[in-house]
Amino acid sequence: MQYGLNIPSEGRLDLVSLGALVHRLDPGIVPFRKATECQIHVSGGEFNVAANLADCFGLRTGIVSAMVDYPIGELVANRVRGMGVEPFYKTFHHDGVTGPNIATVYSDRGMGVRSPVVFYNRANEAAAQLKAGDFDWNAIFSGGVRWFHSGGIFAALSETTSDVILEGMQAARASGAVVSFDLNYREKLWSRWGGPGKAQATIARIMDCVDVLVGNEEDLQKGLGLVGPDVSSASKLDPGAFFGMIDQVVDKYPNVKIVATTLREVHSTNKHHWGAVAWVNGKTYEAPTCELTVCDRVGGGDGFASGLIYGLLNGETCEEAIKLGWAHGALLTTFPGDTTMATLGQVKALAHGGSARIQRSTCERGALSGVTAKIMLQWRTLGPSAH
């Protein structure tokens with residue numbers, strides 16, 4: 001039983017994610033109040049993992065979500081297909097005036113000393129109306145699913161979405177799939193209906209089904225109600241703060257076998273230091289630290305989760321799995337949008353110590369080039385240490 005998990009060796013789908021699909025309007029470095037045009041990115045914290053695993057890592061994945069029969073829905077559905085993700089939708093009828101809608105996320109990228117700005121229009125969101133009983137889980141899991149993933153963003157949408165997560169996780173466990181959950185604590189979402197207290201009560205219902213947990217120390221404190229360091233004063237690259245909270249996690253939820261997170265220290269909007277850490281079945285692991293030149297920071301954490309899950313599904317060592325997650329998350333910040341444009345070759349090259357020099361191989365078009373001018377790797381000693 002590698003990693004303390006019993007991962008099915010095969011299945012019709014490698015991973016199924018459950019969560020809301022959204023479209024993000026991105027004016028680039030221009031603030032919205034001065035914007036004249038936007039790119040449209042299709043996203044969703046849970047969807048991003050399925051999309052990244054399909055597009056970059058070549059796995060067979062699916063997304064369980066709400067769909068709306070209007071042009072935005074068609075745009076989103078086309079992008080889902082384009083990323084190679086199999087859809088399982090409950091479709092809502094749009095009344096032509098008020099919805100239901102696919103949520104809109106507005107996010108400029110900032111620049112230098114000017115931070116990115118993110119806000120939402122989730123009014124009458126179709127995904128928030130999903131409830132237990134909306135999906136045929138037996139059909140979704142027929143033929144086998146190796147891994148099931150959901151997260152705190154979807155849980156925060158309404159009183160009923162956590163019921164859908166719990167129903168999906170119970171079906172996943174009954175089918176033998178590994179279950180992961182990304183805490184992804186979003187204060188703006190939870191503050192509408194109870195804040196951290198509501199989040200903790202909601203997530204507590206889910207956690208007994210979770211094998212693999214993704215979240216940093218702030219997520220663990222606000223999402224799980226654990227005691228931890230002052231996240232505003234602690235070093236963002238110090239793994240000690242994160243590892244110091246693991247005993248609380250596993251004491252409260254002994255079913256959890258892996259807890260992992262990224263480490264990010266922001267020096268300016270476009271200059272970050274990036275690392276990653278994981279606790280795996282009693283041992284701790286650290287990825288290297290690198291300096292990033294960031295194009296678009298949205299989706300980096302989902303990129304990390306994708307690479308980590310790929311490594312675990314592929315039977316890699318713990319050290320290799322966390323490096324794959326770290327490398328893919330780093331690369332994702334060098335592209336516009338929330339989902340990957342990286343290739344598996346690029347991810348492996350960076351994970352094994354590659355740089356951003358121009359790659360002239362005809363097999364890796366544009367590898368590690370473009371908006372990232374320099375990635376300086378500062379390799380730490382890798383490997384397990386007793387926890």
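Hey, can you tell me all the residues within region 312-341 that are surrounded by fewer than 24 Cβ atoms within 10 Å (Cβ to Cβ) and either without any contact (Cβ under 8 Å) to a residue 60 or more places away in the chain or in a loop (DSSP other than H, G, I, E, B) (or both)?
Correct list: Asn314, Gly315, Glu316, Thr317, Glu320, Thr333, Thr334, Phe335, Pro336, Gly337, Met341.
Looking at region 261-275, can you tell me whether even one residue there is within 27 Å of Asp208 (Cβ to Cβ), surrounded by fewer than 22 Cβ atoms within 10 Å (Cβ to Cβ) and of a type outside the set (Phe, Trp, Tyr)?
No, region 261-275 contains no residue that is within 27 Å of Asp208 (Cβ to Cβ), surrounded by fewer than 22 Cβ atoms within 10 Å (Cβ to Cβ) and of a type outside the set (Phe, Trp, Tyr).
Do you know which residues across region 292-309 are out of contact with any helix residue (DSSP H, G or I) (no Cβ under 6 Å at 6 or more places or on another chain) and assigned to a helix (DSSP H, G or I)?
Gly301, Ile309, listed by residue number.
Can you tell which of Asp219, Asp208 is among the acidic types (Asp, Glu) and under 16 Å from the mean Cα position of the chain (by Cα)?
Asp219
Going through region 151-189 one residue at a time, which ones are over 18 Å from the mean Cα position of the chain (by Cα) and outside the structural domain of Ser65 (by TED's automatic domain parsing)?
Result: no residue meets the conditions.
Would you confirm, using the coordinates I've provided, whether Arg297 is of a type in the set (D, E, K, R), closer than 23 Å to Ser115 by Cα and without any contact (Cβ under 8 Å) to a residue 40 or more places away in the chain?
Spelling it out, it is not the case that Arg297 is of a type in the set (D, E, K, R), closer than 23 Å to Ser115 by Cα and without any contact (Cβ under 8 Å) to a residue 40 or more places away in the chain.
With respect to Lys188, is the statement that it is part of a loop (DSSP other than H, G, I, E, B), among the charged types (D, E, K, R) and either in contact (Cβ under 8 Å) with a residue 24 or more places away in the chain or over 19 Å from Gly19 (Cα atoms) (or both) true?
So Lys188 fails the test.
Here is a check on your reading of the model: is Asn255 at pLDDT below 95 and within 20 Å of Leu312 (Cα to Cα)?
It is false that Asn255 is at pLDDT below 95 and within 20 Å of Leu312 (Cα to Cα).
Go through region 171-208 and give me each residue that's under 26 Å from Thr104 (Cβ atoms), among the acidic types (Asp, Glu) and surrounded by fewer than 23 Cβ atoms within 10 Å (Cβ to Cβ).
Once the filter is applied, which keeps residues that are under 26 Å from Thr104 (Cβ atoms), among the acidic types (Asp, Glu) and surrounded by fewer than 23 Cβ atoms within 10 Å (Cβ to Cβ), region 171-208 yields only Glu187.
Quick check, is Val16 part of a strand (DSSP E or B), at pLDDT 95 or above and under 18 Å from Arg173 (Cβ atoms)?
Judged against the criteria, Val16 is a match.
Among the numbered criteria (1) of a type outside the set (Asp, Glu); (2) touching a Phe, Trp or Tyr at 6+ places or on another chain (Cβ under 7 Å); (3) closer than 20 Å to Ile165 by Cβ; (4) not in a strand (DSSP E or B), which one does Phe57 miss?
Failing condition for Phe57: (3).
Among the candidates Ala204, Ala177, Ala172, single out the residue that is over 28 Å from Gly11 (Cα atoms) and modelled with pLDDT of 95 or more.
Exactly one residue qualifies, and that residue is Ala204.
The values are calculated or read from the model by the stated rules, or taken from the named source; none is laboratory data. Quick caveat, the model's predicted, so the values are computed rather than measured. No Cβ is skipped: glycine too gets one built from the backbone with ideal geometry, and neighbour counts run over all protein chains shown.
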